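One structure is given here, and the rest of the page talks about it.
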Amino acid sequence: MRRRAVLLGLLLGGCERMTIEDVAQLPPEVDRGAGDPARFAAESAAHAFLDRERELAGNPRQAAFAAAMVENAATAFQHAGRFADGPWVTRLLREGRTALRQAIGVDPSATPQAAQDALLAAASAFARNDIAGAAAALAPVAARNARPAEALSRLETPPPLRRALRALRNMLAGRDPAAAS
């Protein structure tokens, strides 16, 4: 309990420095049937990157979809409303998102909504075996000289993302997210 109070104190001390981002909205066709789009995105990202990471390698469609879910989750819990630890987990998710964007080749200045939408469009193109379409979908958010469509084919989970997704799972399960470290 004391550890949680210390972490919460550190978090509250640094809250003014965390930029509040517009919450990325999932399109209706993605979260259809999901009662809570934020939980859907969070659980989908954690499942893909933690439980099924080996299946992402060589499957750019799944990797693009999972990366889109990270973009969504990184904005979904930034307010302490539903989860007291939401801002703390959001900081971790943003560190993980930064590492993931670097691994994929997504411009760090892209908005979460733009990155999410581009990754979902790429996932759809990959599902049709349209590699050129996936590359075109990712072009607006690609970092200079990056090839995100190729990077998604060989994606591995960056360690900061792994840590963030473990903390996110703990938070959603009602456990101390700091236990994920």
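General observations
- Every test in (1) open to solvent by 20 Å² or more (accessible area, probe 1.4 Å); (2) at pLDDT below 95 is passed by Asp107 save one, and that test is (2).
- Test: residue in region 169-178 that is among the basic types (Lys, Arg), modelled with pLDDT of 95 or more and more than 14 Å from the chain's Cα centre (by Cα): no
- All positions within region 74-95 that are surrounded by fewer than 16 Cβ atoms within 10 Å (Cβ to Cβ) and among the basic types (Lys, Arg): Arg82
- Conditions (1) surrounded by 24 or more Cβ atoms within 10 Å (Cβ to Cβ); (2) charged (D, E, K, R); (3) more than 15 Å from the chain's Cα centre (by Cα): number failed by Glu71: (3)
- Taken over region 17-52, residues that are exposed (fewer than 12 other Cβ atoms within 10 Å of the Cβ), modelled with pLDDT under 65 and more than 17 Å from Glu95 (Cα to Cα) amount to 2.
- Residue that is out of contact with any helix residue (DSSP H, G or I) (no Cβ under 7 Å at 6 or more places or on another chain) and within 24 Å of Glu29 (Cα to Cα), where the choices are Ala127, Ala136: Ala136
The values are calculated or read from the model by the stated rules, or taken from the named source; none is laboratory data. Computed from a prediction, not measured in an experiment: that's the story for all the values here. Cβ atoms come from the backbone with ideal geometry, glycine included; neighbour counts cover every protein chain shown. Only protein heavy atoms, including side chains, enter the accessible area calculation; ligands, DNA and RNA are left aside. Shrake-Rupley method; radii C 1.70, N 1.55, O 1.52, S 1.80 Å.
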